[in-house]
Amino acid sequence: MSDPRSRPKPLDGIKVVDCTRVLSGPICSRMLSDLGADVIKIEAPESDILRSTPPLVGGFGSMFAQYNVGKRNVSIDLKHEGGPALLAELAASADVLVENFRPGVLARLGLAPELLHAANPGLVLCSISGWGQDGPWAGRPAYAPMVQAEAGTLAMGGRLRKGRMRGETMQHADLYAGMMACQAVLAALFHRARTGAGQHLDISMAEALLYVNEHASAEIAGYDGSEGFRTWTFETFTLADGRAVHVMGQPELVFPMLAAAIPIPGALEDPRFMTSEARLENLDELVHVLETAMLEIADAPALEKLLVGTPAVVVPVRSTRELAESEWARHRGVVTEVGPGLMVPTAPWRAQDLDIGAQTRQVAKRGEHNREVLAEWLDKDAIACAELEALGVLEFSEEEPPTLEEAPRKAFRDSGPPQ
């Protein structure tokens, strides 16, 4: 395999203007950057709120670093008279513009899609929003937990687990929408290569979440999820050394093989557990028996030895850090250091003859590349950039990052990208 530094990048030469913040847009543009595009993050003077969102590692908000590594940064005040005009200039020289403003914000800034395409017919404009660019819900606020509550996943999780509905630990609506936005951009670039025509792509978080919900068709038909794929019933147990293990399969189905392998004396002759129907009726007792038996097993290697020769699949529960420090992770290079003590996941693609991954192992300060980008993209000299700085159109922040106490709600006001 050739040296990665000598390989071509899949999107080499593609120029992307990234007018996004928080998660849905930044994951899309990071993927484009990892694939080789020159991504310029346009950041408002208030700053992307993720810069200040704890934990701060190596001086950066960890989530901000994870989704903005490898991008260059230009800070433009779009509320300043000259801000939208400068953004329009950048869009006119770009291949792609990704934005997650609320629907209508671009038009209010004088940057309606038809005007951007008039200046640059080949532009791929990708708009990410909660509920789409049109329709009765287009103007509604949309944050991932809200969309997940309204798109069925919150209710489905509570119902299937027969417990209280709880918020998710991950922002699925944001993340899936961003990944689908990247796919749409790549398809539109392929279409443009054949026809020369740009596109306005409309990606909604709610539709993305519905699309990836493997139980959606069953739920819409009136069933409680997929009856043949009940992963939410899979159990986790604790061994004697405190290590948690996760058991693949529904407990009433895997119980006979576990009871025989561990073994659990008398379990297979117990009327409560002799048939699948009986085990379902006595599921709580069955789980308790397994919990008690697992606590007698010393550790994961001891359990693995007991299960040799059986089809049972039981794996240790790892933390994200444990996985990142594993032999597998070191071999694959699944994390990249981007600052003191700050590691971010590496792009998950591998290609024989292509260089895929962050353009640089750096996270940019707000406005760090103002003059560099304007010189490269727009041929503006230092005097022109200085004039824009004096007017307040361009800004640069030496402070990294601002504190959340500095009016944190500014990050979500209507005139800026809320998703």
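Computed from the coordinates by the stated procedures, all read-outs in this text should not be read as laboratory data. All figures in this text were calculated on a predicted structure; none of them were measured in a lab. In this analysis, Cβ positions are derived from the backbone assuming ideal geometry, glycine residues included, and neighbour counts consider all displayed protein chains.
For the range 308-386 and the range 1-80, what is the centre-to-centre distance using only Cα atoms, to the nearest Å? Each part's Cα centre sits 10 Å from the other's. Between ALA187 and GLU114, the FRET efficiency from the beta-carbon distance, with R0 = 22 Å, is close to 0.55. Run the quick spin-label model on HIS246 and THR231: label points 7 Å from Cα toward the beta carbon, then report their separation in nm to one decimal. Between HIS246 and THR231, the simple spin-label model gives 0.8 nm.
Computed over the Cα atoms of the range 244-316, the ratio of the radius of gyration to the Kirkwood radius (Rg/Rh) comes to 0.93. Can you bin the range 1-87 into rounded, prolate or oblate? Criterion: square roots of the alpha carbon gyration tensor eigenvalues sorted a ≥ b ≥ c, rounded for a/c under 1.5, prolate for a/b above b/c, oblate for the rest. In terms of gyration-tensor shape, oblate. Rounded to 0.05, the FRET efficiency of the ALA155 and ARG318 pair, given R0 = 41 Å and the Cβ-Cβ distance, is 0.85. Remark: the range 161-175, residue by residue, has Karplus-estimated 3J(HN,Hα) of 8, 6, x, 5, 6, 10, x, 7, 7, 10, 8, 4, 4, 4, 5 Hz, where x stands for each Gly or Pro and the curve is 6.51 cos²θ - 1.76 cosθ + 1.60 at θ = phi - 60°. Which translational diffusion coefficient, to the nearest whole µm²/s, is obtained for the chain from the Stokes-Einstein equation, given a Kirkwood hydrodynamic radius over C-alpha pairs, 4 °C and 1.567 mPa s? In µm²/s, the coefficient rounds to 53. Using 1/(1 + (r/R0)^6) with R0 = 30 angstrom and r between the beta carbons of ASP270 and MET146, what's the FRET efficiency to the nearest 0.05? E between ASP270 and MET146, to the nearest 0.05, is 0.05.
A viscosity of 1.567 mPa s and a temperature of 4 °C, combined with the Kirkwood radius over C-alpha pairs in the Stokes-Einstein formula, give the range 83-172 a diffusion coefficient of 84 µm²/s.
Provide the percentage of antiparallel DSSP beta bridges, counting only those with both residues in the range 14-82; round to the nearest 5. Walk me through the intermediate numbers first.
Numbers: 2 of 10 bridges.
Rounded to the nearest five, the antiparallel share is 20 percent.
Over the chain, DSSP H runs of length four or greater, each weighted -39,500 (n - 2.57), average out per residue to a 222 nm ellipticity of -10500 deg cm²/dmol. Take the Cα of ALA390, go 7 Å toward its beta carbon, and the backbone nitrogen atoms of the range 64-94 under 19 Å from that spot belong to 77, 80-83, 86. Could you tell me what percent of the DSSP beta bridges with both partners in the chain are antiparallel, to the nearest 5? If I count the DSSP bridges inside the chain, around 40 percent turn out antiparallel. Between the C-alpha center of the range 167-222 and that of the range 249-263 there is a gap of 39 Å.
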